[in-house]
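The values are calculated or read from the model by the stated rules, or taken from the named source; none is laboratory data. In this text, all values refer to a predicted model and were calculated from it rather than measured experimentally. Please note: Cβ atoms are built from the backbone with ideal geometry, for glycine as well, and neighbour counts cover all protein chains shown. Accessible surface areas use protein heavy atoms only, side chains included; no ligands, DNA or RNA. Shrake-Rupley method; radii C 1.70, N 1.55, O 1.52, S 1.80 Å.
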Amino acid sequence: MSTAPRLTALDALHRSLGATMTDFAGWDMPLRYASERDEHHAVRTRAGLFDLSHMGEITVTGPEAAAFLSYALVGNIATVGNGRARYTMIVQEDGGIVDDLIVYRLGETEYMVVANAGNAQIVLDALTGRVGGFDAEVRDDRDAYALLAVQGPESPAIMKAVTDADLDGLKYYAGLPGTVAGVPALIARTGYTGEDGFELFVAPEHAEQLWRALTEAGAPHGLIPCGLSCRDTLRLEAGMPLYGHELTTALTPFDAGLGRVVKFEKEGDFVGREALRAAAERAETAPPRKLVGLIAEGRRVPRAGFPVVADSKVIGEVTSGAPSPTLGKPIAMAYVDAAFAAPGTEGVGVDVRGTHEPYEVVALPFYKRQK
């Protein structure tokens, strides 16, 4: 028996704008409004407005909230300053990645953990199962927030038209409470597109008012509504991993090239420490595969699961692939044998439905914005 998808507070508005909707992680979400290519280019050159209310917010409070999160996650949450955020991960005892997360410190003893939509319940269950013995409380706040994002080079100008919050002082990976278009919000600067931008956590009943105000303020700057399709090509160009593609329970952070998020030096034990120590040593001595970028020489688009080949042998697998609107060519991220991971390695191709298409191996990201 199938369950009806969940609807965000902006569902009716998306439909009124003619959005093509899709089921994503149990939510009915806008895939695109018109042209995904136009939406992609808008974010790269002007600004785009996203509904990200499917993300999962989990609040952790209490005198030992920081100590608990440092135990439950791989990062050192105790060193996150008030108003700052940190990218981190939650892993299994064997080091396999359960999800990648952003943790915001909202106050002296209050944190918000933001999980990917498809993993929100899994992360909530894991945190709840690990909190025993700590003077801390884990609270499911998924229904307490709607989440909007303004992304693109024009986003600071658009935001300054609707808030008097200190945006210039708001650093990357930070958040501050403020009022945006008359709506109380947590204003964060932790985007997933490779561009500057802001995320706005608000009460669901304020979501439509805020969307309309941002649309009006953004009109002179070329802002348009954007769906999940262009969000995927934007993050792919920026070399940002997506859970279920570049990150899975079969991989540790070291396998994914993200060992930097694991902080062995922090105080106390943490879940997965022993397995991750072994994974770190393996990665130093003989990494089995590395995550690389691939740029097509032809026009055929690689998709997740396609084999990467060299000398008629399979040397890896594509994790994400799509046409790149910015580069004008198909691109992919893939895990390949370490011997073939150096940028410029010759003879590498992707098996696209039986045909070995030539690809250039490049370092990630494919695209980096000019600051």
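If I filter segment 331-358 down to residues being within 15 Å of Ala296 (Cα to Cα) and among the β-branched types (Val, Ile, Thr), which single residue comes out as most open to solvent (accessible area, probe 1.4 Å)?
Thr355
Working carefully through the options Ala280, Ala185, Ala213, Ala256, find the one that is open to solvent by less than 20 Å² (accessible area, probe 1.4 Å), over 30 Å from Val309 (Cα atoms) and touching a residue at least 24 places away in the same chain (Cβ under 8 Å).
Of the residues listed, the single one that is open to solvent by less than 20 Å² (accessible area, probe 1.4 Å), over 30 Å from Val309 (Cα atoms) and touching a residue at least 24 places away in the same chain (Cβ under 8 Å) is Ala185.
Please go through segment 307-322 and pick out each residue that is in a strand (DSSP E or B) and open to solvent by 60 Å² or more (accessible area, probe 1.4 Å).
Within segment 307-322, Lys313, Val314, Glu317 qualify.
Can we say Gly268 is of a type in the set (Gly, Ala, Ser) and either open to solvent by 50 Å² or more (accessible area, probe 1.4 Å) or assigned to a loop (DSSP other than H, G, I, E, B) (or both)?
yes
For segment 221-247, which residues satisfy the criterion of being in a loop (DSSP other than H, G, I, E, B), surrounded by fewer than 23 Cβ atoms within 10 Å (Cβ to Cβ) and either under 24 Å from the mean Cα position of the chain (by Cα) or among the basic types (Lys, Arg) (or both)?
Matches in segment 221-247: Ala238, Gly239, Met240, Pro241, Leu242, Gly244, His245.
Quickly run through segment 182-204 and pick out the residues that are in contact with a Phe, Trp or Tyr (Cβ under 7 Å, 6 or more places away or on another chain) and closer than 16 Å to Tyr172 by Cβ.
Leu186, Ile187, Ala188, Arg189, Thr190, Gly194
Which of (1) outside any loop (DSSP other than H, G, I, E, B); (2) open to solvent by 10 Å² or more (accessible area, probe 1.4 Å); (3) within 15 Å of Phe50 (Cβ to Cβ) is the odd one out, the single condition Gly218 does not satisfy?
Against the list (1) outside any loop (DSSP other than H, G, I, E, B); (2) open to solvent by 10 Å² or more (accessible area, probe 1.4 Å); (3) within 15 Å of Phe50 (Cβ to Cβ), Gly218 comes up short only on (2).
Scan segment 119-137 and give yes if some residue there is more than 20 Å from the chain's Cα centre (by Cα), surrounded by 16 or more Cβ atoms within 10 Å (Cβ to Cβ), at pLDDT 95 or above and in the same structural domain as Pro220 (by TED's automatic domain parsing), otherwise no.
No, segment 119-137 has no match at all.
What is the one condition in (1) open to solvent by less than 10 Å² (accessible area, probe 1.4 Å); (2) over 26 Å from Gly257 (Cβ atoms) that Gly83 does not satisfy?
It fails just one condition, (1).
Looking at Thr179, Thr163 in this structure, which one is open to solvent by 10 Å² or more (accessible area, probe 1.4 Å) and assigned to a strand (DSSP E or B)?
The unique qualifying residue is Thr179.
Quick test for you: out of Gly129, Gly133, pick the one residue that is without any contact (Cβ under 8 Å) to a residue 12 or more places away in the chain and at negative phi.
Criteria check complete, one pass: Gly129.
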